[in-house]
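J.: Mind looking over this structure? Questions follow.
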Amino acid sequence: MAQTLDDKQPEPQRRGRVGEISADATLAARAAFARAGFADPTLVLRWREIAGAETARLARPLKLSESAGGGVLTLKAEPAAALFLQHESRALCARINAYLGRVAVVRLRFVQGPLATPQPPPPQRPKPVEPPPADPARRWRGPPKLGQALLNLARQRTRGRAAD
């Protein structure tokens with residue numbers, strides 16, 4: 001007996017299917033921030049804006065411990081800068097609380113250690129250069145779509161080189 005369209009069974013849900021990577025990355029990041037005490041990751045993600053460029057170069061947030069008396073923000077700082085930052089802690093707490101819009105940090109705790117230097121942005125790729133008139137891609141006599149693809153490939157090939 002032949003099956004009709006109405007007789008088809010729904011395809012079973014497979015296990016181990018690949019899902020969107022953004023969903024997994026978001027969950028992993030949220031869990032990592034929560035383990036460090038950051039319910040709102042804004043403090044870590046926008047640290048340079050909150051603390052200022054010079055302070056962000058010298059120290060980075062590690063952990064936020066909140067209690068009834070107020071929060072304690074643990075910062076990892078360069079050994080020579082920890083003393084300087086300790087003197088500036090009242091102003092830094094005020095900037096953090098002003099940015100967050102509530103009194104979240106009342107005290108700073110410093111852990112001394114070397115900071116990892118942020119990676120520089122990747123170098124910008126030079127713009128494509130038009131291939132020279134003698135390039136074989138310009139002499140193509142065939143389907144126009146293929147000719148356009150060959151010209152695009154020739155532009156990428158001559159990227160960064162001056163046109164002859």
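J.: How would you rank Ser67, Ser89, going from fewest to most other Cβ atoms within 10 Å of each one's own Cβ? Walk me through the numbers on the way to the answer.
T.: Numbers: Ser67 8, Ser89 16.
Listed from fewest to most nearby Cβ atoms, that is Ser67, Ser89.
J.: Using a simple charge model, +1 on the beta-carbon of Lys and Arg, -1 on the beta-carbon of Asp and Glu, nothing else, what dipole does segment 28-112 show about its Cα centre, in debye to the nearest 20?
T.: Magnitude of the dipole: close to 160 debye.
J.: Only counting other Cβ atoms within 10 Å, I'd like Ser22, Ser65 sorted with the fewest neighbours first. Don't jump to the answer; show the numbers that get you there.
T.: Details: Ser22 8, Ser65 14.
Placing the least packed residue first, the sequence is Ser22, Ser65.
None of the figures in this text is laboratory data; all of them are computed from the coordinates on show. In this text, all values refer to a predicted model and were calculated from it rather than measured experimentally. Glycine also receives a Cβ, built like all others from the backbone with ideal geometry; neighbour counts cover every protein chain displayed.
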